[in-house]
Amino acid sequence: QLWAIPIQVRNGGITTTVLLDGPETTTTIVDPDGPVVVNAGGSGYYRVDYDGTLRHRLDVAALADLTTLERYNLVDDAWAATIAGRLAAFELLVMLEAFGGERDHAVWQAIVIALRGLNRLLDEGAADGSLRRSESDMYFAEVRPFEEIFRQGEQPPGGESQQRQGGN
């Protein structure tokens, strides 16, 4: 049995609802070259698997316009796609690099979960040394300082709160 699922899609500053009532659906977007956010608002209970083109459009500038929940879901969905074998570990790392300026604790928790899981996967498999160094470099440069801060209950650099107010 197929269920009809309302999907919130944002592009060009406009959010539309698309009803997914079959194996696939299409929609028209305002800005064909701009970022596309599927599960806009983050309230859907489904996974989003962006193809490479759409994923690369979600760069640092685009991430700044996403809510905390949307950024969290983006990381969580990418990690789920990596575990399922639909997203290469290297592509996950490339995507996570855009989160270098992230200041929200919940989003960092998702990033840490993905990096730790990736670390376990790399330990179990025959990993390319350069990929291992890339993951390790990102962990020590970006993640570890925030892990220490959150563990100690201190404030992040710059006096920012651990979680942004207003959902962003």
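The values are calculated or read from the model by the stated rules, or taken from the named source; none is laboratory data. Since the model is a prediction, treat every value here as computed from it, not as a measurement. Please note: Cβ atoms are built from the backbone with ideal geometry, for glycine as well, and neighbour counts cover all protein chains shown. Ligands, DNA and RNA are excluded from the accessible area calculation, which covers all protein heavy atoms including side chains. Shrake-Rupley method; radii C 1.70, N 1.55, O 1.52, S 1.80 Å.
Identify, from the list GLY34, GLY42, the residue that is closer than 19 Å to ALA110 by Cα and part of a loop (DSSP other than H, G, I, E, B). Steps first, please.
Values: GLY34 fails: closer than 19 Å to ALA110 by Cα.
Every option except GLY42 fails the conditions.
How many residues are surrounded by 10 or more Cβ atoms within 10 Å (Cβ to Cβ), hydroxyl-bearing (Ser, Thr, Tyr) and over 21 Å from HIS56 (Cβ atoms) if we restrict to region 1-38?
Within region 1-38, residues that are surrounded by 10 or more Cβ atoms within 10 Å (Cβ to Cβ), hydroxyl-bearing (Ser, Thr, Tyr) and over 21 Å from HIS56 (Cβ atoms) number 4.
Would you check if VAL48 is open to solvent by less than 80 Å² (accessible area, probe 1.4 Å), β-branched (Val, Ile, Thr) and part of a strand (DSSP E or B)? Steps first, answer last, please.
Details: open to solvent by less than 80 Å² (accessible area, probe 1.4 Å): yes; β-branched (Val, Ile, Thr): yes; part of a strand (DSSP E or B): no.
Spelling it out, it is not the case that VAL48 is open to solvent by less than 80 Å² (accessible area, probe 1.4 Å), β-branched (Val, Ile, Thr) and part of a strand (DSSP E or B).
Quick test of your reading of the structure: TYR46 fulfils all but one of (1) under 23 Å from TRP3 (Cα atoms); (2) without any contact (Cβ under 8 Å) to a residue 40 or more places away in the chain. Name the failing condition by number.
Among (1) under 23 Å from TRP3 (Cα atoms); (2) without any contact (Cβ under 8 Å) to a residue 40 or more places away in the chain, TYR46 violates only (2).
Taking the stated definitions as given, is ARG103 under 20 Å from LEU121 (Cβ atoms), of a type outside the set (Val, Ile, Thr) and surrounded by 13 or more Cβ atoms within 10 Å (Cβ to Cβ)? Show your work before the answer.
Working: under 20 Å from LEU121 (Cβ atoms): no; of a type outside the set (Val, Ile, Thr): yes; surrounded by 13 or more Cβ atoms within 10 Å (Cβ to Cβ): yes.
When the stated conditions are applied, ARG103 does not pass them.
When GLY85 is evaluated against the numbered criteria (1) at pLDDT 95 or above; (2) surrounded by fewer than 15 Cβ atoms within 10 Å (Cβ to Cβ); (3) closer than 24 Å to LEU122 by Cα, which criterion, by number, is the only one it fails?
(1)
So, VAL94, is that one β-branched (Val, Ile, Thr), at pLDDT below 95 and within 21 Å of VAL37 (Cα to Cα) or not?
Numbers: β-branched (Val, Ile, Thr): yes; at pLDDT below 95: yes; within 21 Å of VAL37 (Cα to Cα): yes.
Yes; evaluated as a whole, the condition is true for this residue.
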